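Here, each number is a calculation from the coordinates, and none is a lab measurement. The model shown is predicted, which means the values in this text are computed figures rather than measured ones. Quick reminder, even Gly has a Cβ in these numbers, built from the backbone with ideal geometry, and neighbours come from all protein chains shown.
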Amino acid sequence: MRQPETGPFNLRASALLMAVLAVAGCGGGSKGIDSSRAGLGGVAPVYVARDGAEVRRLHEYQNLVTLAGAELGTGNLAAAETRARSAQKLFPDRPDALVLLAAVADRRGDAAEAGRLLERSATLAPDRGDVLNNYGAWLCERGRAAESLAWLDRAVAAPGYATPEVALSNAGACALQAGEGARAERALRGALARAPRDPRALESMARLSFEQGSFMEARAFAERRLAAAPATRSVLQLASQIEARLGDPRAAERYLQRIRQEFPQEAGTNSKG
């Protein structure tokens, strides 16, 4: 069953889940050593074993975050919330449990609570690109483009962020939504330079090219988007509009037919090109 489309910035729990599970797998390499006193005044380093209870607490936190993510993935929101809250009690200043709680709130339709939790997580982790990206995406989904772009720019520049193309793609789509075409193009091309099959960046570039009147380029991006990931109603609608502007009504109708076949619940809504 397809998820209904709610816009390119909808903070879907699945995206949050992947980010949190990736984080949960990190940080487990601690050797229980505190090296903060190393190298002072030319004195040989002194290593102090970290309290075993603290190490166990960290492992418990990571385990709870992983389990909460798994519960979220199966749709068990109550269990996910319980485990995430238990994790947060162990380490109130770590963002991962807060991101999971935001995903739970989002699934329940409580956008205000999801936003509050994401803002808190971004404040706690100002150098975590994934966390900054989540909050920026949430802001843009709610029409707060200026705020959103500032957070997304910070995400792209965050040290050690493994997937800056995600934030670049979001920034490009958000800038497009805000009517900043030049900024959108820079960000989207940057995203595609790193991830040439990124569906969101490809669709946004198709839309930007269409709005600029570059219909052949728009067609190329739309075709790449459809080859990169399963179709959505929005990209099929855009592809139909592109073909209509290129003077190919048969191709335009084929895309509309796909909407009627693949999205029958939505086909009656603005599906005439």
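Dividing the Cα radius of gyration by the Kirkwood radius, what Rg/Rh value follows for segment 64-186?
The Rg/Rh ratio comes out at 1.01.
Starting from the 7 Å offset along Cα-to-Cβ, what nm value, one decimal, do you get for the label separation of residue 120 and residue 63?
2.5
Would you mind counting up the charge near residue 225? Only other residues with Cβ under 11 Å from its Cβ, with Lys and Arg at +1 and Asp and Glu at -1.
Residues near residue 225 contribute +2 overall.
Average the reciprocal distances over every distinct pair of alpha-carbons in segment 122-244, invert the result, and give the Kirkwood radius in Å.
Over segment 122-244, the inverse of the mean reciprocal pair distance is 14.4 Å.
Residue-wise, which Karplus ³J(HN,Hα) couplings in Hz belong to segment 216-231, taking 6.51 cos²θ - 1.76 cosθ + 1.60, θ = phi - 60°, and x for glycine or proline?
Computed from phi, the couplings for segment 216-231 are 5, 5, 4, 4, 4, 5, 5, 5, 5, 4, 5, 7, 8, 7, x, 5 Hz.
Given q = 0.12, 0.14, 0.23 Å⁻¹, what are the Debye log10 I(q)/I(0) values for segment 187-253, with equal point scatterers placed on the Cα positions and solvent ignored?
Debye intensities relative to I(0), on a log10 scale: -0.26, -0.35, -0.90.
Among 53-61, 105-113, how do they line up by average Cβ neighbours within 10 Å per residue, starting with the highest?
105-113, 53-61
For the pair residue 216 and residue 150, how long in nm is the line joining their label points, each one 7 Å along Cα→Cβ?
Distance between the two pseudo-spin positions: 4.3 nm.
If you average the sequence gap of Cα pairs under 8 Å that are 6 or more apart and divide by the length of segment 154-273, what percent do you get for the contact order?
RCO, segment 154-273: 15 percent.
Given a cut-off of under 8 Å on Cα pairs at least six residues apart, what relative contact order in percent is computed for segment 109-166?
Relative contact order of segment 109-166: 31 percent.
Sorted by packing (mean other beta-carbon atoms within 10 Å per residue), highest first, where do 229-235, 138-144 land?
For the peptides 229-235, 138-144, the packing ranking is 138-144, 229-235.
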